[in-house]
Amino acid sequence: MRVRSPQDMVGGIALILLSLLAFSQIGDLKFGTASRMGPGYFPTLLAGLTGLMGLIIAGRSLALDGPPRDRLHWRQALPILGAILAFGLAIRPLGLVIASGLLFAIAAFGSSDTKWRELLVVSAALILFAVGLFVLALGLPFPLWPRF
């Protein structure tokens, strides 16, 4: 069996691996039922759908012609991955506002045409939106600022 769309095969495998990682982290969360969802219901559903999409995309790569696999551009990928990692490590000790600002600042290095003034305006708007949605509207227990 020949891979006719290498880019889709790589994308499908990446989604399958992401799904397996999610399943490994769900652990002992109770699944519940559709009418009484437990804390593991939605993450399990999303992990399953992600894996299913990965299987479909990888399967299609065997049947349909598609583009070749592109080179990975590390100059763009590393700041994005670093920003996500920094956000995950900084959210508890520094709070949502500072961790989000750090996320945007680090991710901006992934593009050579970043306009810092525009980045500040967009970052401030997105941080306000995140605080409004996650903390005020949904009541999630994210700390907003560092705890001293």
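The values are calculated or read from the model by the stated rules, or taken from the named source; none is laboratory data. Since the structure is predicted, the reported quantities are computational estimates derived from the model, not experimental observations. All Cβ positions, even for glycine, are placed from backbone atoms using ideal geometry, and neighbour counts span all protein chains on display. Heads up: the accessible areas ignore ligands, DNA and RNA and are worked out on the full protein's heavy atoms, side chains in. Shrake-Rupley method; radii C 1.70, N 1.55, O 1.52, S 1.80 Å.
What to note about this one:
- Close pairs from the stretch 11-37: first on the phi > 0 side of the Ramachandran plot, partner surrounded by 11 or more Cβ atoms within 10 Å (Cβ to Cβ), Cβ under 9 Å, at least 6 apart: Gly27/Gly40; Gly32/Gly38; Gly32/Pro39; Gly32/Gly40; Gly32/Tyr41
- Close pairs from the stretch 42-58: first acidic (Asp, Glu), partner open to solvent by less than 50 Å² (accessible area, probe 1.4 Å), Cβ under 8 Å, at least 6 apart: none
- Candidates Ser5, Ser19 - the one that is of a type outside the set (Val, Ile, Thr), under 19 Å from the mean Cα position of the chain (by Cα) and either within 30 Å of Val122 (Cβ to Cβ) or open to solvent by less than 60 Å² (accessible area, probe 1.4 Å) (or both): Ser19
- Any hit, the stretch 30-37, residues being closer than 29 Å to Ala107 by Cβ and either open to solvent by less than 100 Å² (accessible area, probe 1.4 Å) or at pLDDT 90 or above (or both): no
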